[in-house]
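Reading through the C-alpha cells given below for one structure.
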C-alpha cells in the first residue's frame, strides 16, 4: 500500500517535471540555433570582406603594371621586391603569367616552374575569357610543397585594352591565413567550422587530411546536401562520421562556397541534460519523503505481516522442520500466506529441475574434449572434467581440495598461483601461455583461459578455467619460421637485386644484390619508406609502391613500357633507367608482384631489378639495323617487288604501292603480272610468258627494260624503266626481285625543258647568259632583234659593248656587287644598238648556281623601257602642270581679295565724287587697272581649273558652227578657215563661254603661227577611248568622247617647245605680243570640264590640237533669272564671315549703305557662336569659302543644322569650293565670285532675300 501511494505521487510529479523539462529543452535548442547561425553569418561576412579585399588589392596592384613593365625582367623583379605588403597578404606568393599562360615571374619563384605553361588552369581560362579578376576553386599547387591553395587573378591591360599579362596571388590553405584560421575556431570544446563548395570538395577543415577530398557522399549528411541545393540556416543532423550535431550553413556571396559549423548535440544541450538530472534528483527526494509518510501512516496496518515475516525467516534459516507458514486470519494477510505457500511449492519444484540442469552441465563439461577445471576463492580445486584428468593424470577425487602447489612443480605452481591471484583481484577474463607437465611426463605448451564466478553474496566465489594444448601449433609456427628464414635467405642470396616492401611502403628485405647495385647496405634501408631517393632525383613512386596502392592509372604516368606479367598473377613488369653511384647508366627490367596472406590480404610487395643494359644494347643495335634496312626500302624512290616462283607478290615497298595505287596488303599474294603488267601500251593483252619478269623467276635471267607500261589500280598507266633479278637460296631459284622507277615525271621534265627552251627562244624580252666574268655565252632572238647584233657576233663579247655612256658607273658597280654576292639585281640601263641608236632597258640579272650551290653563270632579262619612259615623261609634265596650276590658283585667290577691297572702296569713292571733280578721272584709271587685273586673275583661275563655271548640256557642233563667224574676223583674210562637223549630235556638259574662249585662243595662236597666211581647220567627231589611248598618253578614262580638232599649217614646234607649251607665262612670241596664258587657259578649261587635250606638232609641218570632252545623254537647258538693274536695300540682318579684315570692312560698309544690319565674324568658330545666340534675327549668311581651321562649307553645314532654311551666299572664285553639283544650285545657297563689285554684291543679296 505504501508503495502504491508512493508510485502515484511519483507519476504525477514526473508528468509535471517532464512538461517543464520539454519546454526548457526546446527553448535552449532555439537559442542555440539562432546564436549559432548568427555567429556563422558574421564569420561569413568577414570571409567575404577578406576575399573581396584581397581581390581588390590584387587588382589595384595589377593596375600599377604596364605592358612595358611586364616585358622588362628588371622592372618585374623590382616590382616583386617592393610589394612586401602584398606578398604578406598572399602567403603562397605572387605570380605573373603571359596571355598564353606561361609563368613569367613570381615571388617566391621556383626556377623549374619558370616558363611552364598553366593555360590549362581554370583560373587563367576564366580570367582571359572574361577579362575580369577571378577567385579560383581550391587545387593542389604545382610548387614543390604540393599544398592545397586558392588563386586570385587580375588581368593587366596594354594601351589598346588587350590583356598583356595576368597577375596572380595565392593563399596556402594549410597556413594560418584568414581561411586557414577557420579550422582553429572552436564552438565549445568539440564544435568546429569547415568550408566546402558545390562539388563537395572540402576547402577548410579542422582535419587537414580531409582538405580537397570529396568524402561526404550524397545521403550521408542530409543537411549537407540541402545546403548545396541552396539551404541556409541551422538544423539537427548526423554527420558522415555518424556524430549527432547541430549544423549551420551560410553561402559566401563572393565565391558561392558554403561555410558550415558542427556543434555536437551532447555538448550543445548539456544545460538541458543537467536540468533533467536536477529534476530527477528532486523527484527522488519527493518520492523518499512520500514513502516515509506512507510507511508511518500504514505501520499500524502491517502488524499481521510481522508474524508472516518471522515464519518466512524461520523457513529460510531452517530453524524448524516447518515447511509452510501458518496464517490464522482470513483477511488479506491470510490470502498472502496461502499465496506464499503455493510459491514455496513452486520453488521446491524449481530446485529439483535446477539440480537436474547442474547434473547435465557436469556431464557436458565431462564430455568436453578440452580440459576444464574450477576452484574456490582460496585456490582449492572444486572439480574438473574427464579431459583434465586424462591430461594431468590426476583423478577428480584426488584434486578436490588441493591447490596447484600440491600437484605441480614449484616453479610452475608459482606461475599458476600468481595468475589466479591476479584474476581474483581484478575479475574479468584471463588468458596466458605457459607450460604444463603432461600425464606422460612431457612438457606441453598450453594456453589458459580463466574467469571468475560470483558467490551468493556477490563476491568472488571462485574461478573456472580451460586449458588448450598448443604444442602442435607451436611446432608448426617453428617450422613456418624456419621456412620464412629459408625464404629470406633465398631472397638475400638471389643474384638479381630484390627487395620487399610492407603495406606501409617500408623496406622489409634488401638483398645483397641490391647492396652491390646501389652501394647501400641493408642495415641502412630496413624500415625506410624513402626508397625513391636511391633511384630518382625527385619524389615519385616505385613500381612496388604503385602495386601496394593499387593505382593502376598511375602506371602509364611513371612507366611508359609497363605490362602484366605472363607468369605471375597480378605481377607487373616494366623497364626504366638507373644511374649507379659511379654515375653509370643502366637499363633495368623491373618486376613487382603482391605478397598475400592465406586470406588473400596484401601484406607486402616483392620487386626485382635486372640489369638488361647489354641485352638492350644488343636489341637496340639489331633493331637499328632492321630499321635502317626497312628505312632504306621504305625510303627508296624506286618500287621494289619480290615475287615467288608462281609470280605472286611476296614483298612490296611503299614506293611501289604508291605508284600503282594498291595498298601493300592488297598486293601481297597477288599475281604481279595480272595486277600491273597485263596490257601493252596499245591496249592489247600482254601474255605472261612473253614478259621478261616471268623469265627472271622461271629461267633465272636478269633483264633491264625501259619505257615499259605498268598499270595502276584506277586503270591508268605510267611508263617505267625496270630491272628484274632472279633470287636464289642455296643455289636454288626461289623467285625474283623487280626494281622499277616511274619515268613519267622525267619524261615530263624533258618536255618541260623543251618547252623552256622554246619559251626562252620565243620570249618577248631579251635574255642573255654570261659566265662569271661577264662573257656572253647565249642570247635569244629577241636580244638580237633589239640590239641589232647577231648571236654569232655577240657571243664571246662582254656586255660593255652595249654601253651608251649615259648610265652612271655607280650603277654598274652596284650591279656587280649584287650579283657576285648571290642576290638579284634590278635596275635601268641606257644602252646603244649596233646601228648607234640608244634605248632604255629594265634589266633583272640573277646568278645561276650549279648542283654544288656555286655561282656558275649569270642570266639577264632585259625589257625595253622606251615607251614607258615616254609615258613617265608625260606623267611628270602633267604633275608639273598641276603644281603650277595650284600655285596660280593660290596667287589668284589672294589677289582677288586685294582686288575686292580696291574695286569695292574705289567704286564707293567714285560714287561720292561729283561728276566734274578732276579726281574722278584718276579714279576711273584706278578702276580700269583693277578691272584688267581681274581679267588676269580669271585667266590664272581658268588655268588652275578653279574658275566658276555655268555648266549646261549643249551640242558641240552647234556651238562651234555659231562661233566660226567670230573666228573668221579674228584670223584675218590671209588665213582660210575650214570646218568639218559630224552629223551626229555631240552633247556635252560644258560652259559655252569657256568653250568659245578655248576655240578663240587656239585660233589666235594658229593665226600668229601663220604670219604669211595658211589654213585653219576645225573638225568634230565622236570617238571611243580605250586602253590604246591610255597606253599612248598615260591617262584617259575609257568611254565615249566628243573630239574637236584644231589644225593649222603654220611653222610647227620642236619637242622642247611642245613640253612647255601649256605652262603659264611661257611664250615663243616677241616681248609685248603675248602674256603666255592663252594655252594655259585652254589647258585649264579642258581639264575643268573633265576632258583631255593632246598636241601633235613638228617643225615646219604645222600643229594640231585634239580636245576630248565626255559625251552625255539627252539635252536640257538651264534658264538663268535676269537680275534687276538697280539693286535696292533692306532692313534684314546679315551675318558676314570673312577672315580678311579689309574685305570684311568693305562688305560691312557696302551692306550698311543699303540699310542692312551687319554682324561681323572673323572665323568660323566665332560665326557659329554668334549664330547660336541670334539665329532667329539673322536672314542671310555671307561666307568666305577659304578660311583657316574651318572653311566656309563647314560653317554653312553647322549653321544650317541650327536653321535649315537659312540663306547662304558664298564669296569666292574657286570651283572646288562650290556646293553646287555640275551647275545645279542647292536651294537657299548661291555663290558670287571675287572680286565682286559692291553693286553686284548688293543685287545678289537682294535677289536671294526676295526669293522667299
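The values are calculated or read from the model by the stated rules, or taken from the named source; none is laboratory data. It should be emphasised that the depicted structure is a prediction, and the values quoted were computed from it without experimental measurement. Cβ placement follows ideal geometry from the backbone for every residue including glycine, while neighbour counts extend to all protein chains displayed.
Residue 995 - would you say it is in contact with a helix residue (DSSP H, G or I) (Cβ under 9 Å, 6 or more places away or on another chain) and in a strand (DSSP E or B)?
Taking the combined requirement at face value, the residue does not satisfy it.
For the condition surrounded by fewer than 17 Cβ atoms within 10 Å (Cβ to Cβ), in a strand (DSSP E or B) and in contact with a helix residue (DSSP H, G or I) (Cβ under 8 Å, 6 or more places away or on another chain), residue 253 does not qualify. Test residue 528 against the criterion of being in a strand (DSSP E or B) and in the same structural domain as residue 613 (by TED's automatic domain parsing), and give yes or no. Spelling it out, it is not the case that residue 528 is in a strand (DSSP E or B) and in the same structural domain as residue 613 (by TED's automatic domain parsing).
Restricting attention to region 690-716, the residues that are at pLDDT below 85, more than 20 Å from residue 746 (Cβ to Cβ) and either within 52 Å of the chain's Cα centre (by Cα) or surrounded by fewer than 13 Cβ atoms within 10 Å (Cβ to Cβ) (or both) add up to 2. If you go through region 719-730 and keep only what is more than 13 Å from residue 641 (Cα to Cα) and surrounded by fewer than 18 Cβ atoms within 10 Å (Cβ to Cβ), you end up with 719, 721, 728, 729, 730. Filtered by the rule that a residue be farther than 16 Å from residue 740 by Cβ and over 60 Å from the mean Cα position of the chain (by Cα), region 666-689 gives 682, 684, 685, 687, 688, 689.
Residue 804 passes every criterion in (1) modelled with pLDDT under 85; (2) within 54 Å of the chain's Cα centre (by Cα) apart from (2). Given the condition part of a strand (DSSP E or B) and within 30 Å of residue 727 (Cβ to Cβ), answer yes or no: does some residue in region 585-592 qualify? Checked region 585-592: no residue is part of a strand (DSSP E or B) and within 30 Å of residue 727 (Cβ to Cβ). Regarding residue 1146, is this residue assigned to a helix (DSSP H, G or I), in the same structural domain as residue 1193 (by TED's automatic domain parsing) and modelled with pLDDT under 90? Spelling it out, residue 1146 is indeed assigned to a helix (DSSP H, G or I), in the same structural domain as residue 1193 (by TED's automatic domain parsing) and modelled with pLDDT under 90.
Could you tell me whether residue 1101 is farther than 30 Å from residue 1170 by Cβ, at pLDDT 85 or above and in contact with a helix residue (DSSP H, G or I) (Cβ under 8 Å, 6 or more places away or on another chain)? No; evaluated as a whole, the condition is false for this residue. For region 428-448, the tally of residues that are surrounded by 14 or more Cβ atoms within 10 Å (Cβ to Cβ) and over 22 Å from residue 477 (Cβ atoms) stands at 1. Yes or no: region 1020-1031 includes at least one residue that is touching a helix residue (DSSP H, G or I) at 6+ places or on another chain (Cβ under 6 Å), under 21 Å from residue 968 (Cα atoms), touching a residue at least 40 places away in the same chain (Cβ under 8 Å) and crowded, with 17+ Cβ neighbours inside 10 Å. Checked against the condition, which is being touching a helix residue (DSSP H, G or I) at 6+ places or on another chain (Cβ under 6 Å), under 21 Å from residue 968 (Cα atoms), touching a residue at least 40 places away in the same chain (Cβ under 8 Å) and crowded, with 17+ Cβ neighbours inside 10 Å, region 1020-1031 yields at least one hit.
Do we find that residue 366 is assigned to a strand (DSSP E or B) and either touching a helix residue (DSSP H, G or I) at 6+ places or on another chain (Cβ under 7 Å) or without any contact (Cβ under 8 Å) to a residue 12 or more places away in the chain (or both) in this structure? Answer is no for this residue. If the condition is being farther than 15 Å from residue 94 by Cα and crowded, with 21+ Cβ neighbours inside 10 Å, then region 149-178 contributes only 173.
Filtered by the rule that a residue be crowded, with 16+ Cβ neighbours inside 10 Å and in a strand (DSSP E or B), region 652-678 gives a lone residue, 652.
In a residue-by-residue description of region 835-843, the property of being modelled with pLDDT under 70 and under 56 Å from the mean Cα position of the chain (by Cα) applies to no position.
Evaluated against (1) in a helix (DSSP H, G or I); (2) modelled with pLDDT of 85 or more, residue 555 falls short on exactly one condition, (2).
One line per residue, one yes/no per condition, for (1) closer than 23 Å to residue 387 by Cα; (2) part of a helix (DSSP H, G or I); (3) in contact (Cβ under 8 Å) with a residue 40 or more places away in the chain:
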{"site": "414", "(1), (2), (3)": "no, yes, no"}
{"site": "450", "(1), (2), (3)": "yes, no, no"}
{"site": "472", "(1), (2), (3)": "yes, yes, no"}
{"site": "481", "(1), (2), (3)": "no, yes, no"}
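Every condition in (1) surrounded by fewer than 16 Cβ atoms within 10 Å (Cβ to Cβ); (2) over 24 Å from residue 247 (Cβ atoms); (3) without any contact (Cβ under 8 Å) to a residue 24 or more places away in the chain holds for residue 140 except the one numbered (3).
Apart from one condition, residue 205 fits all of (1) touching a helix residue (DSSP H, G or I) at 6+ places or on another chain (Cβ under 8 Å); (2) at pLDDT 90 or above; (3) surrounded by fewer than 15 Cβ atoms within 10 Å (Cβ to Cβ); the exception is (3). Of everything listed in (1) closer than 25 Å to residue 88 by Cα; (2) buried (at least 16 other Cβ atoms within 10 Å of the Cβ); (3) in contact with a strand residue (DSSP E or B) (Cβ under 7 Å, 6 or more places away or on another chain); (4) in the same structural domain as residue 83 (by TED's automatic domain parsing), the single unmet condition for residue 128 is (1).
One residue stands out in region 975-991 among those that are assigned to a loop (DSSP other than H, G, I, E, B) and at pLDDT 85 or above: the one that is surrounded by the fewest Cβ atoms within 10 Å (Cβ to Cβ), namely 983. When region 596-626 is filtered for residues that are part of a strand (DSSP E or B), exposed (fewer than 15 other Cβ atoms within 10 Å of the Cβ) and either touching a residue at least 24 places away in the same chain (Cβ under 8 Å) or not assigned by TED's automatic domain parsing to the domain that holds residue 552 (or both), only 603 remains.
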